[in-house]
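The values are calculated or read from the model by the stated rules, or taken from the named source; none is laboratory data. This is a predicted model, so every value here is computed, not measured. For neighbour counting, all protein chains shown are included, and Cβ atoms are generated from backbone atoms with ideal geometry for every residue, glycine included. For the accessible areas, the whole protein counts, side chains as well, though only heavy atoms, and no ligand, DNA or RNA atoms are used. Shrake-Rupley method; radii C 1.70, N 1.55, O 1.52, S 1.80 Å.
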There are 2 protein chains.
Amino acid sequence: MNSRLVTIKLSGDKGTPVYQQIKDAIRAKMQSGEWQAGKMIPSENQLADSLNASRMTINRSLRELTAEGLLKRVHGLGTFVAEPPRHAHLVKLVSISDEIKQQGKQHSSQLLSVETVISDAELSERMQLAEKTPVYKVVLVHSQDSVPIQIEIRYVNPELVPDFLEVDFTETTPAEHLIKSIRPDELEHIVQAIMPSTFIAEHLDIPATEPCLKLRRRTFKGQRVVTAVDLVYPSSRYDLGARYAPS
Amino acid sequence: MNSRLVTIKLSGDKGTPVYQQIKDAIRAKMQSGEWQAGKMIPSENQLADSLNASRMTINRSLRELTAEGLLKRVHGLGTFVAEPPRHAHLVKLVSISDEIKQQGKQHSSQLLSVETVISDAELSERMQLAEKTPVYKVVLVHSQDSVPIQIEIRYVNPELVPDFLEVDFTETTPAEHLIKSIRPDELEHIVQAIMPSTFIAEHLDIPATEPCLKLRRRTFKGQRVVTAVDLVYPSSRYDLGARYAPS
DNA sequence: GAACTCAACTTGTATATACAAGTGATCTGA
DNA sequence: TCAGATCACTTGTATATACAAGTTGAGTTC
């Protein structure tokens, strides 16, 4: 009788559904590292017993987490923590911190610089601004469980986001702030394969011989460019991906 | 008494779950244009009655279709057909020959190999097939005005496309044939930056030091993989891009 | 007419129950 | 020893039932 109790605690939050609390609790287990990839988690019946929920409710939680790619279920065998599939959504407008947290990992970012630059010809073209006008620029490194995973080089239109430099980027990421404050209505991106510059290789902690993905993105409000950003990923650590129905 | 019967027909296919048949039937309604975007669809109770299924089963179908973005539900009001998201390019299922011709260039392709391979563990996983089953494989080089621009390494599910090897690939590309013969309803892709293998570098006529984009794509019909393909582009000659409205 | 109540719908969640079917270990018999 | 049956587990699906909660429109009252 090895029926050690399952040590899961629900938030008990009135107002959030039970199946959601269960999902959150399981995500937390994975995030904390207590449930590593490959581990078999308690069965539906065990969870139902120890959480005082019906098996159908447990089933819904596990089924949804499986659809989200966090769990893997084998008929007749059990439920296991999935290998994290390391890809980012190409299509959705999500901030990298959300994406990392979704996978049960820890996100952190380091602000490398904040400044106002005067646009040259190329940047003016890209931002659709007159030449030699001021543009805000920030550079950050994003890490997943302390491993650098993305460099963000972002330019922001000061006319549309005048308060941008006052944001505390230790609290929120630039992308989060921009999505929240300006609701962009159009999005453009281009993907390229590049060799990293020494600056990038250094901050991503990769050899200069390792290819990187560069996601060059612009978001628009009306016809005007809100922000233009280069997101550089080391290919060994992250892919970009998407799944959807074709038109 | 405006209780016109709901004219939905299930496949009745023993072996596929009822909730899945219902999802397929609803997708078909939308695909045929009978249920346009914005239309309110029958309520759970109406569907349950006319399909002889329990409301919980209907609920599961509708909930999953909502998660997939095909439906929109409003508490207390009803269920509606969602607006189709418009995305482009990276997102659309277009064959490279169309894309090249679109730009007013000349497309040509060279067939490097056609064969039947026996799936190993990795390929089986990717194709969602049992291990050590036969899979069709073709390799081509696509050129734009005689400059090689893409290598296509494609695997095809023989169960779903048994006639694949009989197609004349000097006439049509594999992608064209697959889009036309099987109308896939789901698409997944992952973008990576890679260094080319010597095989790839040779056929793309690039130095082995030039990074490439690898677009790894799978298309689905129902829940089954129709085809899995790697498309490798030399970064100096081609970018991938898209522009659309965020959700 | 305006405000309020209420009934009739909708979706959202939670439960108990049932059976099918896959997996792996153990037992059984030749 | 080996092959097969059986059992104890697992997930997968389907159902009936129940109540909560949001929305709308019809009816009532002032």
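Below is a table of values for the structure above.
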{"item": "Residue within region B:173-187 that is free of Cβ contacts under 8 Å to residues at least 12 places away in the same chain, within 14 Å of chain A (Cβ to nearest Cβ), in a helix (DSSP H, G or I) and within 22 Å of the chain's Cα centre (by Cα) present", "result": "yes"}
{"item": "Any hit, region B:195-203, residues being at the interface with another protein chain (Cβ under 8 Å from one of its Cβ atoms), on the phi < 0 side of the Ramachandran plot and either modelled with pLDDT of 85 or more or open to solvent by less than 60 Å² (accessible area, probe 1.4 Å) (or both)", "result": "yes"}
{"item": "Residues (surrounded by 12 or more Cβ atoms within 10 Å (Cβ to Cβ) and of a type in the set (A, V, I, L, M)) located in region B:118-139", "result": "B:L123, B:M127, B:L129, B:V135, B:V138, B:V139"}
{"item": "Residue list for region B:44-81, filter: more than 7 Å from DNA strand C (Cβ to nearest atom) and within 11 Å of another protein chain (Cβ to nearest Cβ)", "result": "B:R60, B:E64, B:L65, B:A67, B:E68, B:G69, B:L70"}
{"item": "Complete set of residues in region B:140-174 that are among the aliphatic types (A, V, I, L, M) and either farther than 27 Å from B:K105 by Cβ or open to solvent by less than 20 Å² (accessible area, probe 1.4 Å) (or both)", "result": "B:L140, B:V141, B:I149, B:I151, B:V156, B:L160, B:V161, B:L165"}
{"item": "Count of region B:204-245 residues which are at pLDDT below 90 and over 19 Å from B:V191 (Cα atoms)", "result": "5"}
{"item": "Identity of the residue in region B:32-45, assigned to a helix (DSSP H, G or I) and touching a helix residue (DSSP H, G or I) at 6+ places or on another chain (Cβ under 9 Å), that ends up least open to solvent (accessible area, probe 1.4 Å)", "result": "B:E44"}
{"item": "Extreme residue, farthest from the other protein chains (Cβ to nearest Cβ), among residues of region B:18-43 that are farther than 17 Å from B:T7 by Cβ and within 9 Å of DNA strand D (Cβ to nearest atom)", "result": "B:V18"}
